[in-house]
Amino acid sequence: MVSSLLITFYYFICLNTSVVSGELIFQDRLEYLANRAEDAYPAKLDSTVIYANQLINEIKKEELISKYEEQMLDLLGRTYRRMGNSQRSEDYFLQAIELSEQRSNIAQLGDSYNRIGLLYRGTGRYKEALMSYERSLELKIQIGNENSAAGTLNNMGTLYRAMGEKEKAYNSFIKSIEIRKRIGEEDRAAAAYLNLGNWMASEAEYDTALELYEDYYKIVSSKKDTLEMASVLNNIGGIYNLKGNLDTALYMYMSADSLFKASKMKDDLEASLNLSIGIVLSKAGNPEQAIEFYKTALTISEGFDDIETIGIVFQNTGQAFELLDKPDSALHYYDLAIEVLEPLNNKRRLAQVYENIGVIYNQKSSPEFALNYLLRAAEIFEEAENDRSFANLYNNIGSSYFYLKQYNQAINYYRQSLEKATETEYLEVEERVTAALAEVYRETGDFENAFKYQQLHDVYKDSLLNLERLKVIEELITKYETERVEAENNLLLAEQAQNEALIKQRNAENRVLFIGLLALIGSITGIVAWVTYSNRKKRIIDAQKESLYQTKIDSLLDRQQLESVSAMLEGQEKERKRLAAELHDRLGSILSLVKMYFSSLDDDIKVKQPELHASFTEGNQFIDDAFKEVRAIIREMKDGTISGEGLEKDLLELLSKINKLGIEIKSRIELDKKLDTIVEMNVYRIVQEALSNSLKYSKAQLIELELSDKERLEVMIKDNGVGFNPNKIPQKEDGDLSYGVGNMENRVKLLGGEFKLISKDGQGVTIDIHIPLVDKEGIWGAPELN
């Protein structure tokens, strides 16, 4: 009996052990399938679907309650979204949300709401996307998951930007970055850097956008994330495209395409790249080739059900047909674009399409139809566009009124166009609209203003020619940039493949790259020498021109001549600042990229090719020297220019520099009013010339400057130097001092003011200047419309 009980007890223990063991084995299998499904995503989407479905089926077969079920439903939602099947993606996300709600799986529920929000945003369902993001953020905060909450805030910023809610978008991005930094996850702020960069680019803040993109690129390149590297290079290409540097833009797009293909992933980025390449080719005068890329982009976008990109492709295809002088085909594609974009409420794109249609009707001599579309575009731009878009649009509206012979309206819109173009330094529009103003004033018989704007047009035209010359430098740098991109892509492919054959190939490429570096150093040295020579030659020519202009001022007898001189001086000031900015934006940014790239190769060469490391380090130093030389040239070209941040700040900065020379400075600057740009520029030049003369000739220990704008603008510059007899101004061989005094007096006359110089031998120099704040004679102000 006892033995029978022992046998029964033993059998019971074995049975329970077997059951527990079986449950553990089954749980291990579920974990195995879940890991295989997650590991396959996103590189092998088909495998992800197989493993996820197998896991779900086994859970249902055993009638278990497992967290893996809602996790796999969410993964299938992500997978089908990436595969372009938005309906199946939504179905799986909703199943994951419902199951997570039932089981109170708060963490999974927050993630699923965030991801379905991404789906809704991508398909233009902004209201549903916002509700999903808000619910996701609430849940993540509830469980204290700050890192994940920061990601949702970043997504909300992107959505708000698409909805035109700029302030909410900016606040969301900033909150996301602040959270990442606070919890020590700054690398996870990559998405926020990217989205902020996209936003700044849309607001024409191109330098800020490039800096944010560079921050993002550093993070994703450190992780060898080829897909995201391709994405941000695509965006950088877009910036250079907007800035008119088509060669650099095209190479950025092509390098992004190379990285995308290396990633071997399926993504709608491929459509974006084909679209971007088509846009650059169209701008470069190859619309037929561009249309082929647009066709490819359209096919890919339709496969991903990307409605917004489809509308953009239609818009750009219409522009390509415009360039081919096929207006009817262009209007057909513009109509398709409107049909797609209107339901998405994409106001910015719609306004651009309306403007394009208006331009076509102007060309078809139908200004009434053109004006209808252009004014609809203007109404939208008032809500959601930047000043550059206004500049171009107002110019086109002015043209419509000109064709309708409504000249006063035409002048009004042309003047607004010029104002916006000047604010944003939009040189191409400045050149076009000044020519248009000259023409409309000729039609109305106002030859005085016609002459003025023709003079301005000539200045802007010369500036455009100077920009073309700078492209010669960029072409040399771009040749090297191509080699750099190809080498980087090959390096990434080698790391991904991880086989001996490709490693040998990479080492060979590095040796070729080093030889190319030596050649590049010689090229950069030649470029720097050429830029230095051109800069010095231009300063000599500018000095000769300014001398000629100042000599002519004395002989100007009427208001028309004074306006012409004013226009020329203003154009010269803009040209100096523009050339310095172009060198900074183009050559400076490219040299920064070159430096960043070669710094990233340092460890590879040190480990794999130590015999070349010393030479590589020396070559890297040469690039540093070249970068410093270019920065010196930029500073030299900008020397003496006005910053645009106000006369008071510019003068205080100038006095600070003089004070560092050991000269005591006393100043009293009381400016309460906003001065005209022309007044600020000329007053700055006058004070600069007076201080320069004091430093060179007076041997003064104290210089005083007083500036106020109570009833009129009053300027007093005084020193305690050796002084001189004004009737016997000391001359250098080149007449430098007499020319400087005459220069100051002429500038004061140009502003309708009074100039007085008081000096005696041994008693220093005092200069008193009085300039009217209101331009009663119309000498430096813009002419009023009748």
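The values are calculated or read from the model by the stated rules, or taken from the named source; none is laboratory data. For clarity, every value in this text was computed on a predicted model and none was experimentally measured. A quick note on method: Cβ atoms are made from the backbone with ideal geometry, for glycine too, and the neighbour counts reach across all protein chains shown. The area values use the complete protein model at the heavy-atom level, side chains included, leaving out ligands, DNA and RNA. Shrake-Rupley method; radii C 1.70, N 1.55, O 1.52, S 1.80 Å.
Quick notes
- Local net charge near Glu90, Cβ-Cβ under 14 Å (Lys/Arg +1, Asp/Glu -1): +2
- For segment 197-265: rounded, prolate or oblate by the Cα gyration tensor [a/c cutoff 1.5]: oblate
- Inter-part distance where segment 168-195 and segment 24-48 are each reduced to a Cα centre, Å: 31
- One decimal place: the segment Asp335-Lys223 gains 36.0 nm when fully extended, by the rule 0.36 nm per residue minus the C-alpha distance.
- Charge dipole (debye, nearest 20) of segment 38-83; +1 at Cβ of Lys and Arg, -1 at Cβ of Asp and Glu: 240
- Summing charges over all other residues whose Cβ lies under 13 Å from the Cβ of Ile360, with Lys and Arg as +1 and Asp and Glu as -1, gives -3.
- The distance from the alpha carbon centre of segment 212-246 to that of segment 90-117 is 33 Å, rounded to a whole number.
- Modelled label positions at Lys261 and Asn725, each set 7 Å beyond Cα in the direction of Cβ, lie 8.3 nm from each other.
- Computed lengthening from Thr617 to Gln701, 0.36 nm per intervening residue step minus Cα-Cα distance: 25.4 nm
- Label point at Glu101 placed 7 Å out along Cα→Cβ; residues across segment 116-133 whose backbone nitrogen lies under 17 Å: 116-117, 128-133
- Checked against a 23 Å cut-off, the cross-linked pairs Lys175/Lys243; Lys666/Lys699; Lys175/Lys218; Lys699/Lys760 give Cα-Cα distances beyond that limit for Lys175/Lys243.
- Ratio Rg/Rh [Cα only; Rh per Kirkwood] for segment 37-184: 1.00
- Viscosity 1.002 mPa s, temperature 20 °C, Stokes-Einstein D of segment 214-353 from Kirkwood C-alpha radius, µm²/s: 139
- Annotation for Asp672 and Glu185: the two label points, set 7 Å from Cα along the Cα-Cβ direction, are 5.4 nm apart.
- Residue separation of Glu653 and Asn345 scaled by 0.36 nm, minus their Cα-Cα distance, works out to 106.1 nm of gained length.
- Under Karplus coefficients 6.51, -1.76 and 1.60, residue-wise ³J(HN,Hα) of segment 608-624 in Hz, glycine/proline x: 9, 9, x, 5, 9, 5, 4, 5, 4, 4, 5, x, 4, 5, 4, 5, 4
- Summed over the residues of segment 147-188 and divided among them, the accessible surface reaches 50 Å² per residue at a probe radius of 1.4 Å.
- Asp602/Lys405 FRET efficiency (R0 56 Å; Cβ-Cβ; nearest 0.05): 0.25
- 3J(HN,Hα) couplings calculated from phi for segment 122-136 with the Karplus curve 6.51 cos²θ - 1.76 cosθ + 1.60 (θ = phi - 60°) are, in sequence order, x, 9, x, 8, 5, 5, 5, 4, 5, 4, 5, 5, 4, 5, 4 Hz; Gly and Pro show x.
- Distance between the 7 Å Cα→Cβ label points at Ile50 and Asn372: 5.9 nm.
- Computed with a 1.4 Å probe over protein heavy atoms only, the accessible area of Asp446 comes to about 50 Å².
- Measuring against 26 Å, Cα to Cα, the residue pairs Lys657/Lys710; Lys166/Lys223; Lys44/Lys261; Lys166/Lys673 contain Lys657/Lys710; Lys166/Lys223; Lys166/Lys673 as the ones spanning a longer distance.
- By accessible area, using a 1.4 Å probe on protein heavy atoms only, segment 24-96 has 47% of its surface on carbon and sulfur.
- Integer Hz, Karplus 6.51/-1.76/1.60 couplings in order for segment 389-405, x for Gly and Pro: 5, 4, 4, 5, 5, 4, 4, 5, 5, x, 5, 4, 5, 5, 5, 7, 6
- Using R0 = 30 Å, the C-beta based FRET efficiency linking Ala43 and Ile65 works out to 0.45.
- Summary of packing: across the peptides 358-364, 227-233, the per-residue average of other C-beta atoms within 10 Å ranks them, highest first, as 227-233, 358-364.
- Computed E for Ile25/Tyr170 - FRET, C-beta separation, R0 56 angstrom, nearest 0.05: 0.55
- Protection proxy ranking of 371-377, 710-716, by the mean of other Cβ atoms within 10 Å over each peptide's residues and highest first, is 371-377, 710-716.
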